[in-house]
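Values in this text are rule-based calculations from the coordinates and carry no lab data. None of the values given here were measured: they were computed from a predicted structure. Quick reminder, even Gly has a Cβ in these numbers, built from the backbone with ideal geometry, and neighbours come from all protein chains shown.
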Amino acid sequence: MGFSELGLSPEVLQAVSDAGYTNPTPIQEQAIPHVKGGRDVLGCAQTGTGKTASFVLPMIDMLAAGRARVRMPRSLILEPTRELATQVAASFEIYGKHHRLTTALLIGGESFVDQERKLDRGVDVLIATPGRLLDLYGRGKILLSDTHILVIDEADRMLDMGFIPDVERIVGLLPETRQTLFFSATMPAEIRKLADAFLRDPVEIAVAPPASPSATPGWPQASCRAARSGWPTEAPTARRRPTRNGCARSFSRTASRA
Ligand code: AMP
C-alpha cells in the first residue's frame, strides 16, 4: 500500500514525498486510516517504527480546518522526555510545512515566558512533558477544555519515570468526547489498565520493532504486514511467542479487531 491510499491530503503527501519516504511503515499503514476516521487507537510500537508520523500526518489534516483559541490548544501530545517532545515538534515542522498550524513545545528547562506567549496566541498542537504542562495549568496559563485530540506516547516510559499520576490528572482535565491515541513499546498489565481507562473502543495495532527480529525475540509479528525494503516483516514462527510484557499476549484477545 502506498501513502496515497491512506486518505491524506495532497499537501501532506507532498511533505512526505519531500521527506524522501516512498512507502508507509506498517504502523503508518494500519493506523493512519483509523486516526483520520476518528477512532481511538492503541498502538504497540516502539521508536524507530515510524509511529510518530502515524499520528502526526493525520493530525495535520484533521486540524487544518478550524482555529485555536487563546490558551485553549486543540490537540495535546504527551511525551515522557524533552528529547522526544522536541522530535515530535520537529516532525510537525517537516510534515506540516504546507499548512499553517501553530505548535507549542512545553518542556522543562525552557523559559516559561516564551511558552506562555505562544499559548496566549492560541495553538493547534501542544506538545508537552507532563510536569511542565501541569505547572502551566496550575498558573492558569492553559485550558484543556477544547482539546479534542490526545496522544499519549511512550506510555511504558511514562510509567517507568513515575509520570502516570500526572498523566491521569491531565486526562481528567480534557473533554470526555475526544479522540485518544495511545502508544507504548510494551503492554504490561498497568499500561493495559490505563489504556482501558483512557480509550473508547480502540483499534488495536501491534507492529514489530525496527531492529532485526533475532535481536529482540518475542516481539509481536501478527499484525505486521507489508513493509518498505529493510523494514521488518514476518519473523520466524519460533519467535512469535510473546514475552511476558509483549504486545502479542496482551492483544491476543482482541487481535481480530486490529
Ligand atoms: P519514529 O519511529 O517515529 O521515531 O521514526 C523513526 C524514523 O523513521 C524517523 O527518522 C523517521 O524520519 C523515519 N520514517 C518515518 N516514516 C518513514 C517512512 N514511511 N519511510 C522511511 N522512513 C520513515
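For this structure, a couple of remarks:
- Extension gain, Arg100 to Ser17: 0.36 nm times the residue separation minus the Cα-Cα distance gives 28.0 nm.
- Each residue of the stretch 190-203 is assigned a 3J(HN,Hα), and the resulting list reads 5, 6, 4, 5, 4, 4, 4, 6, 8, 9, 10, 6, x, 7 Hz, derived from the Karplus form 6.51 cos²θ - 1.76 cosθ + 1.60 (θ = phi - 60°), x at Gly and Pro.
- Distance between the pseudo-spin-label points of Arg67 and Phe112 (7 Å out from Cα toward the beta carbon): 3.0 nm.
- Taking other C-beta atoms within 10 angstrom as a stand-in for reagent exposure, Val70, Val56 fall in the order Val70, Val56, fewest first.
- Neighbour net charge for Phe183 - beta-carbon separation under 13 angstrom, K R +1, D E -1: -4
- The ranking of Tyr21, Tyr95 from fewest to most other beta carbons within 10 Å of each one's beta carbon is Tyr21, Tyr95.
- Database remark: amide H of Ala206 closer than 5 angstrom to the amide H of Cys44, Ser223 (H placed geometrically; neighbours at sequence offset of 5 or more, or on other chains; Pro and chain starts carry no H).
- Neighbour net charge for Ile149 - beta-carbon separation under 9 angstrom, K R +1, D E -1: +2
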